[in-house]
Structure formats: C-alpha cells, structure tokens
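Quick one: the structure is below, questions incoming.
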Amino acid sequence: MSTVDRWEEERSVIADKGEIGFIDYEDDGSVCSYNPIEEGPIIISVPFPFVNGKPQSVAVGVTVSDKITIKNTTTEPVELWGVKIYASNPENSFTVSVMEPPRSDSDVEALRTFLESYSLEDRVLQPGDNLTVWLSCKPKEVCLHTSAVHFELENETIERVVFLLADDKISQSLAPSKPYSRGTRKKKQFSVDSFVTGPRPSRGRKPRMVRNRLPRYIIPNETRELLESKQIPNVVEEGISTSRNYVPYFKNLLIMEEIQLEEDMRSYDMECVSFRRKGNQFLSLEVPGLAERRPSLVLGDAIFAKLASDYGTTSPPYQGCIHRVEADEVYLKFDPKFHSRHRDGDVYNVQFSYNRVNMRRLYQAVDASEQLDKGFLFPFEACGRRQIITKPLVPISCVPNEEQTRSVEMILGCKGVPPYVIHGPPGTGKTMTLVEAILQLYTTRKHARILVCAPSNSAADHILEKLLIEKAVEFQQNEIFRLNAAARSYDEMNPEFAPFCYFEDDVFKCPPFEALLDFKIIVSTYMSASLLNAEGIGQGHFTHIFLDEAGQASEPETMISVANFCKRNTVVVLAGDPLQLGPVIYSKEAERYGLGKSYLERIFECEFYSDMDENYITKLVKNYRCHPEILHLPSTLFYEGDLIPCKDGTSSFMKNVDFLPDKEFPVLFFGIQGCDEREGNNPSWFNRFEASKVVDIIRRLMKNGDLHDEDIGVITPYRQQVLKIKRALDNPDTPDIKVGSVEQFQGQEKEVIIISTVRSTIKHNDFDKSHCLGFLSNSRRFNVAITRAKSLLIIIGNPHIICKDKYWNMLLWRCIDNSSYQGCAPPERQEFFDEEPPEEGWYGDYEQNYGSSQGADLNEESSLPADFPKPTGWGEESLQTEIPKPVTDQAEWSDGWK
C-alpha cells in the first residue's frame, strides 16, 4: 500500500497503530451513538451506521466502503493533524483513503491509481469546508470486524468506532428471517367451563381397571393463596432433618413447582393463529419454543380453540387433543364439525391446559415414603455402621477394574437399607458396572426380581441394549420387560426392542398384573415406574432396585421407585454423580428451598457416604473415555485430582487434524466475536457466525475420510443454535452428526466434541448468570460439556465473554498457555478470588429439554444378536401411521397419561 501524499507540507508525526480489545457494541452504546450538536464545531459522520440496531452485514472476501465527512462549522481555519486507523480487529482489516474506492467493474487504470493506507496526513480545513475520507474493509473471515478511527485535531482527538458483521454463505443463510418480537400471547381469555370435546388418542382396547388408582391431589386453596401471595410455608422454611416433616415439606415444594408450571403453561396461550391441515385427520399448530422448555405438551394433552371472530360470544370453544408432538408443532384432532367448518386462513384464539398426571405421581410417591424404613430417608438414623460381607466375583460381561469389581461385590453382599451408591464420574464405566451387577443377580439369584430405572427413555433403552448384547448370558423368554408409557411413540424406539415391550392397538401398555409378576428384570424410566404401582406391584416385590443417573432426578421422582416398592431388605443401588447435571426444576423458590437437590446429593451429606466408606459407596476413578489432557481440568476442579486416565492410545484420525497446533494437547479454543440474535417470536438465542465455524471445522475434520459423522458431537446451550447448526449440516454428507444441549449429551461420548457457547455480548451474559441459563454460572453443565470428548475437544466462543466465568476462564487459559488458541485476540488474564460462588441453577435453562439426557442414539444400528429369542404373543410388527416420523433427538416428552 502506498501512503497518500496529497496533504499540506506541514505534517504531524503519526504514531504506530494501537491495539483494540473487545468492544461490546450492545453493552457500550456510546461507541456508536454520536450527537453532532454536543460534539463541537467539527462534525464527523459515522461510517457504516447500524441497521435495526445491529452492524451491517458484509460478505467475506468482498471489499466494502463508506464515506466519512468532516465539516468545519467555525469561522476560522482548523488544522486536522491526521486521520488514522488506530486499531482494527481482525488486524489490518480496515484502510482509509481520500479517493473514492474503485468499483469492482472499474477499469485497470482506476484500480492502478487508487491509493489507500492505514493513516492520512495533515491538512487545514477552511471555514465551511467539507472533507470526504473513505473507509474500506475487506473481511477475510467470518466474525465481527471492529475498527477505531482517530481524527486528530489541534486540541483533541475524535474517535469513530466502526462495526461490520462479515458473513459467508453459511452464516448468511442462517440470518434471522424476521425481526424478533415477544409475540402476542395470552391477550384474551375465554371461558372453558363448557366445550365441545375432541377425540382422544387411542388407548387400545377398553382399559382395564387398575388396582391402585392415582389420587387427584387437588391443591388446597389456602396453600395456593399463600404461595400466590409470595409467602413461603413454614414447613418449607424449616427444611428437613428427620422423617417428621418429610412428607409436608416435599408436598409443599411440589405445590410450589406445580403453580409455576401452571403459569408457564399459560404463557403458551396465543391469539389470531392458524391451523394447517395434516393428512386427512389432523390439524397442526406451530407452538414457538415448545421443544425448548417445560412444561411441554405431550400426547393426550388438550388445547381449546375458538374463532377469533367469536371472541365475546357465548359459543363454546372446541377441545383439540394432541395426537403427536413434533419439534415445535402439535398434531390435533377436534370434533368432526370443527374439521368440516375449518378453512385455511381462519384465525383462532388458543388456550392450553396443564397435564397434572406427573405431578400427581410425585405427590403419591411422597405420601408412600411414610411407609419407608427410616434408614432409606435418613441413613444416619440407622443403628451403627453396617459391614457388608462379600464373596469373590467371577465377571460375566467384562473384565472390571478394582473399583468396579469391589462395587459389584458390595452390591451382591448388600442385605438392604440403606442404599448403596456407585459414584460414577464421567467416563469411569458406571453403566458397565451396573450391567455387570444386574447380570450377576440374574444368573446367580434364582428368586431375584430387579427394577432398573433411568431418567429418560433413551437412557433406559441404552441399559436394555447393554443387557441384551451380552453373549455369555442366555436370557429366558418373557423374563425381561421394557416398560413404556402410553405417551411414547413407537417410532422413537429401536424396533428390535419391540419383543420386550407390550402394546395394544399401536399403543404401549403395562401388561396385566399376573404377567408383571413373572419378569425377573423390568427396565423403566423413573416416572413410568408408577405404572407398576397402579397395577398393584407392591413393596417387597423387587429384591433389587437400580436407579441410574440418580443425580438427575428430584427426590420425589426417586421416591416413585423407592417408596412404592421397597421394604427394609430391598437392596437399592444409586448410580450417578452429584457433580454432574441435577434435576430440572422450574420454580426458583422450590429449587432454592431444596427441590433441586437430588436424593443422591442429599445422602452424600451423610458421613457414611461423605467418608467414602466402602460399605456404603464406591467411587470409580479410572476414566476410559478421555485423553489425559481433556480429563486434567475436570479431574482437578471436581474430583480432587483422583481420576486416572486409562484411554488406550491416540486415535488414528488425529494425525490428519491439520489445524491443531499440538497433537499431544487435543483441546483447542477458537475465539470468535460473533453476534447474539433472535428471530420471530422465538425467545431462543443463536450465533450464526459460530454456527458457520462449527460447519467449517466439521468439514476439515472429515475431509480425509478417517473420521465418521457419528464420531462427532456438537454441544450448544440454546435450542435455536441447535436448529441453526442442524440446518447448516443438512446434507447427505453429514446425516448422523448429533447436535444438542448438554442435557442431551449426559451419559454419551464422541471422539470429537465441538462446543458452541453462543454468547457474544456482556448484557446477555449477565442475564444468563442471574437466571442460571446457558453455560455460565453452572459448574455442573461445564463439567458435563467438557467430559464428552474422547480424543478432541474444540470450543468455539467469544473469549471476552467466556472469561467472566471461573471455570471457562481456566479452560481458556489452559489452551492459551499450551499454544492451543486461535482466532480473535484473547482477553487479559482474569483473576478469581476465593469468593462465594453464584447460586447455581438446578432447574436448568428454560430452553433445555426436561429430562432429556440421552443414552445411546436410537438411530444407531442395534448390536442385538440376529438370533436373539423373541417372546411369543407380543407385538412385533412395525406400527404404521400417516404422520411423519418425529425427530428422534427432540425433547424426551413426559411419560404422562391421563
């Protein structure tokens, strides 16, 4: 570049370019808001002004220019000592000139004579003069481009800060389709005291009567009035220390939660919305945000619809029952008259009803806990320490390590109360240990009856598959049963599990009482286990109850299995990690007063468990998942450095990862300054610039063909970012790359994990921290996110935002210190003092999927033996439906059924 030399002979000395740090244009509005009246006699225009409150979007590789006018409004000459690009980020991405930049179609001579530079030297502005200076930017990468331009006068320096958002084809395709607005919900209410009912989903043949009918558990008026006046019941404030106030304490917490869920459900109410026809039977309704938060809508729920033009009339609304939930859309059936009268273009007001069945199950479980031996609820009240007598173990499914072997031996030797705990930090083989213990009981205890519960359908399926693929065990027909709620779609399950399920008329059912008595192993979700109690299975039927991922369940949820089925000699095994994700609670008050603390975490406070007494707990410490450098930080931060990396060797694909500075340090932080965005009336955030980078990295990883799409996982905290990345990856070359929230990855592992943190502005980051959303201020979400990768962990995010959190800051600087940081200039090193940590949210991000910790992907090819025996008399045919197959990694819908 040549320096422009068209200015007066007298010139100042232009200083070297400075450095520009992170400027948050949304947080610091002063950098973009100029008032010429207040600035003085020299008026300087703002180049590249914002559009709708955001920087302009430009294409990567295309030069863009805008003029800056400098006007002397005084009656005296003013000396302009110089104009310079003080700093740019990325470096050298902006230039200035006094010549108008040539257009792309300019002739060769215009291109040859054009001169631009990083600085322009001095001249005098006569009274009333206007000087035009051109600012140009040629972005070379996808990110926010920032420049500070200084105009040096005799007595002052005036600064103009410029922002441009550089897009490539991918990021541009993900730009907001329409501006964000809060939408128009819950504006007009209509009475639903009477309505025209709609047909409910099939429940098979005529339902049989259950032995234990679920009580209604209507919330007492006085309790509702107390809570709605923002007062806390005394029994809640007192907490629990003994069994005396256990039941009223948890029932009041559940009422607090239910009132919050009612309020959340009302937020779905909409007006002036349209239905679309789906096939010959259904009308569909798009419900923005449906897949992102709870309470959600499930099969069998109802909505009430009324023509907007009928508002204020006495005509009754129509009830529409939900027959399918698919992403942000529900499929409904109304009374036939509604369907026949409906015309495309009709607009309706819609109200949603709340399904209480799961809350009623929780109330019932808390009531049932009164019958439990006090050693279950409060192990410290048990008389003295127990001593378990063990026998040598002959492994069945694997060659367990020392801790795993000891754990299984203790479970086999346990005689009952209190529970035995397998503390399973990430990647330590917790599921394998559970499976080994279950197989040992199945093969060596003739009269053993085993209940296995997991927090989600996919996690329960994962355990079932691990049991069934064990070739050393020959299962007898009709001895293993996978219990599914009626609300679960058959299409969501691996069809090879169908022989181990029970269904009538295309609907999952619980088999009759007499059939249930014959099973030696029943696998269920926590919530669906209540169906066993409804059928009459009582305390003492199961000799052993295994609760997997027990740290994810609230205590009342845990009690569904424990309180309903345990006697003093029932062996209860809790497997999980209280340092990973906890229960999802939606009432902040209920969470704060204890509903967010799992039963597993609470008994960890008992000295028998906190002292790591092997008669009560085994901690697994050998990690078989992660590369040592990936494991180092979580082991140090959360597990007192106890975790021992045991992963075999370096994966072969790593030798071809050309963008990794050091193959021996497989953690890379890529810093990118993007932009937080929302669109339409969807409250979820996304960052299209990070999404583009995710796609770029995936392409580079897969270009050599030695890494498969199923080896890669993408974790991001906001549902809209999940959808944007999936859209960007929607091509035949990458069909099986899993993209989801942290909750969807708990219990899973991938060779490569890419994390997109999304946040790029301070004020939104502060909002997340105060509401415990996203990644920040939740150490458990951090712990899970960074321990899913086996061989390579890549973080994409704004380092200036990430560094505000203690744990993410440590990860950032661990990468920087190991020369494994790329991208925008990092922030200065942050110092965190030993202060009280922010209160962590256990209720989770409102955009997270409730209970959606996924086990094995249901799309994966099953490893069940082809000749595995299929029980007779059970449904084996694929169920047919005219409705499109749902996305399998959406939220795990509730087990509810009315």
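Read-outs throughout are calculated quantities, based only on the coordinates presented, and are distinct from any laboratory measurement. Small disclaimer: the values here were computed from a predicted structure and weren't measured. Because the Cβ atoms are built from the backbone with ideal geometry, glycine has one as well, and the counts that use them run over all protein chains shown.
How big is the antiparallel share of DSSP beta bridges in segment 29-167, given as a percent to the nearest 5?
Details: 41 of 45 bridges.
Roughly 90 percent of the DSSP beta bridges within segment 29-167 come out antiparallel.
If you don't mind, there's one more thing I want to ask. Can you list the residues, at least 5 places off or on another chain, whose amide H is less than 5 Å from the amide H of L297, using H built in the peptide plane?
Excluding prolines and chain starts, which carry no amide H, there are no hits.
Sticking with this structure for a sec: Toward the positive end of the charge dipole of the chain, about the Cα centre and with charges on Cβ (Lys, Arg +1; Asp, Glu -1), which of G596, L393, L620 goes farthest?
L393
Quick check for me: using +1 on Lys/Arg Cβ and -1 on Asp/Glu Cβ, what's the dipole size of the chain about its Cα centre, in debye to the nearest 20?
Numbers: 101 positive and 134 negative charges, 828 e Å.
So the dipole magnitude of the chain works out to roughly 3980 debye.
Could you compute how fast segment 626-769 diffuses translationally, taking Rh as the Kirkwood radius over C-alpha pairs and applying Stokes-Einstein at 25 °C with viscosity 0.890 mPa s? Give it in µm² per second.
147
Taking the Cα centroid of segment 299-346 and of segment 374-392, what is the distance between the two, rounded to the nearest whole Å?
Using only Cα atoms, the two centres lie 56 Å from each other.
Where q = 0.12 Å⁻¹, what log10 of I(q)/I(0) comes from the Debye formula for segment 587-649, counting one point per Cα?
-0.47
To continue, here is another question. Using a Debye calculation, one point per C-alpha and no hydration shell, please list log10 I(q)/I(0) for the chain at q = 0.05, 0.08, 0.10 Å⁻¹ in order.
Relative scattering, expressed as log10 I(q)/I(0), comes to -0.34, -0.81, -1.16.
Ok, one more. Report the per residue volume, in Å³, of the convex hull enclosing the C-alpha atoms of segment 29-167.
Considering the Cα atoms of segment 29-167, their hull volume per residue is 118 Å³.
Provide the net charge surrounding A110, with neighbours chosen by a C-beta distance below 11 Å and charges set as Lys +1, Arg +1, Asp -1, Glu -1. Present the calculation step by step, with values, prior to reporting the outcome.
Details: positive: R103, R112; negative: E100, D105, D107, E109.
That works out to -2.
Return the loop-located GluC sites (Glu not before Pro) in segment 315-389 (DSSP other than H, G, I, E, B) with at most 13 other Cβ atoms within 10 Å of their own Cβ; answer none if there are none. Each step should come with its number before you reach the end.
Numbers: sites: E326, E329, E370, E381; in loops: none.
Listed in order of number, the matching sites amount to none.
Please report the antiparallel percentage of the DSSP beta bridges confined to the chain, to the nearest 5.
Around 60 percent of the beta bridges assigned by DSSP in the chain are antiparallel ones.
Let me ask something else about it. Roughly how many whole Å is it from the C-alpha centroid of segment 103-159 to that of segment 405-482?
Taking the Cα centre of each part, segment 103-159 and segment 405-482 sit 70 Å apart.
May I ask you to evaluate 6.51 cos²θ - 1.76 cosθ + 1.60, the Karplus curve with θ = phi - 60°, for each residue of segment 539-549 and list the ³J(HN,Hα) values in order in whole Hz, giving x for glycine and proline?
Taking θ as phi minus 60°, the curve returns 4, x, 5, 8, 7, 9, 10, 10, 10, 7, 6 Hz for segment 539-549.
Related question: Charges on Cβ only, +1 for Lys and Arg, -1 for Asp and Glu, centred on the Cα centroid of the chain; of Q552, W134, F282, which one is farthest towards the dipole's positive end?
Looking along the dipole axis, the top candidate is F282.
In whole Å, what are the Cα extents of segment 347-496 along the three principal axes, biggest one first?
Computed over the Cα atoms, the extents are 70, 43, 33 Å.
Just to be sure I follow: if Rg is taken over the C-alpha atoms of segment 221-357 and Rh is the Kirkwood radius over the same atoms, what is Rg/Rh?
1.11
Which pairs, out of K466/K806; K84/K178; K622/K750; K655/K790, put more than 27 Å between their alpha-carbon atoms?
K466/K806; K84/K178, as the Cα separations exceed 27 Å there.
Give me the lysines in straight-line cross-link reach of K337: C-alpha distance below 19 Å, same-chain residues under 8 apart excluded.
Here the lysines satisfying the reach criterion relative to K337 are K278, K306.
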